[in-house]
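Since the structure comes first, as structure tokens, the remarks are kept for the end.
The values are calculated or read from the model by the stated rules, or taken from the named source; none is laboratory data. These numbers come from a predicted model, not from an experiment. Every residue, glycine among them, receives a Cβ derived from its backbone with ideal geometry; neighbour counts consider all protein chains shown. These area figures cover heavy atoms from the full protein model, side chains too; ligands, DNA and RNA do not enter into them. Shrake-Rupley method; radii C 1.70, N 1.55, O 1.52, S 1.80 Å.
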Amino acid sequence: MIGDRFDKLINIGAGRNIAVKETITTSDIESDNAGTIATLVTEHKMELTLDSLEINFKNYAEARGGIDNIDSYDGKTEVTKQYIVESDTYKRGEEIKVPFRNADGSEVTITKVEKKNSMGNIRIEESSYEKIGTNGIKITDTKISPSTDTLIITYTRTMPKMVRMATGGKSSTIKPKCIMIVNTNAESKELRIYLPQASIAGGLEFSFPSDKAQDVLVGKLSFSATLAGSQQSGEQLAWYEDEQSVGKDEEEIKDTEEETSDTKSEPNVPLTLESDKPNVDIRADGNDTVALTSNADEITHTVEPPDQQFFDVSYEAETKTFTITGKAEGTATLKITAKKAGSEDITKDISINIQAVPEALTLESDKPNVDIRADENDTVVLTSNADEITHTVEPPDQQFFDVSYEAETKTFTITGKAEGTATLKITAKKTGSEDIVKDIEVNINANI
């Protein structure tokens, strides 16, 4: 547990391979004729290392003392970001794409392109580059020098639902934290170690398990604790509270014997195995969990067929939880077996159905606007994989033109009536995707 004060600690989760090492550096005071007359402590510190079994970047940012940026996104809010293209990494006429996607899988939208300048970034006119889709450009102007000009591409993005931690260059000062380490034995007795002033001593290090390993992603953390002058003398580096090594008094021993006697007299409890769901149905880019309720001594599992490539499965024994991560469309069976001494094994089959990821919704038109006379007509042809195309006109009571739509060819026909301007708003809809709306400005000129 870690925080600014001991009453504001955050639980960073379970750990293993936890090691605490105290280091004392001394210096001897020598006399001319009587040898060593005193030994002084010149440095007194403690080092803490652990493998964190619960990856949580919010907690990591808190533990690292303010050197990181941490942001949370809800999967709905649009933000503005910058993509930096360093000089001498691109060529004139070469396609440059912002490589990130929105929460719904669609491409981000570039809003402006600038040249980096020490006196202030210089905006590049749209005539100096060619737009490619919504997230790409191609530099065409000879005034832009790829060998010396660094590009700053500003874009809007609806961030996926996630936590984003970024590090480097924010602060050179690490704010010390309070740390409490708790070890609980089988009798629920605790050994607690308090470090009133500790700072992160090493960068993040992750150990990724193999696909079939029944283990979790491990993050390695290390801290260095030094003397906290604000604490009482003798407690400035650390203090320990040990409940585990204290002997039991006679009353506690009597209670323990009674509990043991009661336990021995209980009949053998039958083996049980239940799951919180009978099957799992997810997309190839999704995941889900199956939580068990069981009094088994051991849980094992296999997948049928064993060579299936539709999903990965991992098991967390402490919480009795399976995690299913989709990979490709298909169906297989997770076979879970519960084992208990003196009982016959129980096997439960969980059907796992992985669905294909639907194609991202698209909507493009062959022209951005329509400009015709009142006695003319024109068409707007769409390219889209939508299930449905709808449209409205703004303002709805305009009398400048009529509009009709042919679904088979995805073609709108605009027929002029009177001089004026209005907007044709086209909406593409697709199951599983967020609607896309495209505005086409329609300008009707007076007859000549």
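Start at zero, step by 10 Å, and the Cα-Cα distances of region 124-182 spread as 14, 27, 22, 20, 10, 6, 1 percent across the bins. Across the chain, the longest run free of exposed loop sites, meaning chymotrypsin sites (Phe, Trp or Tyr not before Pro) lying outside DSSP classes H, G, I, E and B with no more than 14 other Cβ atoms within 10 Å, spans 101-448. When shorter helices are ignored and each DSSP H run of at least 4 residues is given -39500 (n - 2.57), the per-residue value for the chain at 222 nm works out to -1500 deg cm²/dmol. Computed from the alpha carbon atoms alone, the convex hull of region 1-96 holds 271 Å³ per residue. Calculated on C-alpha atoms, the gyration radius of region 309-354 divided by its Kirkwood radius gives an Rg/Rh of 1.06.
The percentage of C-alpha pairs in region 325-448 whose separation is greater than 27 Å is 45%.
Distance from the C-alpha centroid of region 133-171 to that of region 19-39: 57 Å, rounded to the whole angstrom. Strictly over 25 Å apart at the Cα level, which of K320/K340; K8/K175; K21/K189; K58/K327 would you flag in this model? With Cα atoms farther than 25 Å apart: K58/K327. Taking θ as phi - 60° and the Karplus parameters 6.51, -1.76 and 1.60, the scalar couplings of region 347-360 work out to 10, 10, 9, 10, 6, 10, 10, 9, 9, 5, 6, x, 5, 4 Hz in sequence order, x denoting glycine and proline. Compared with the dominant Cα axis of the chain, that is its longest principal axis, helix 250-265 is turned about 60°. The alpha-carbon atoms of region 389-448, seen along their principal axes, cover 48, 23, 15 angstrom, with the largest extent given first.
Take R192: with every protein chain present and a 1.4 Å probe, its accessible area is about 40 Å². Compared with the direct C-alpha span, the chain from N447 to D349 gains 27.8 nm at full extension, assuming 0.36 nm per residue. In this view, the solvent-accessible surface of T409, computed with a 1.4 Å probe and all protein chains in place, comes to about 80 Å². The Cα-based radius of gyration of region 100-207, divided by its Kirkwood radius, gives an Rg/Rh of 1.25. When S404, S52, S106 are compared by accessible area of protein heavy atoms, the largest-first order is S404, S106, S52, using a 1.4 Å probe. Applying 1/(1 + (r/R0)^6) with r as the Cβ-Cβ distance of K417 and D71 and R0 = 56 angstrom yields a FRET efficiency of 0.65.
Computed over region 51-144, the Cα gyration tensor eigenvalues convert (square root of 5λ each) into semi-axes of 34, 18, 13 Å, ordered from largest to smallest. Put E329, E126 in order of accessible area, highest first, and with a 1.4 Å probe you get E329, E126. Normalising by residue count, the chain has a Cα convex hull of 308 Å³ per residue. Measuring only protein heavy atoms, the 1.4 Å probe finds M165 accessible over about 50 Å². Across region 318-392, Cα-Cα pairs more than 21 Å apart make up 63 percent of the total.
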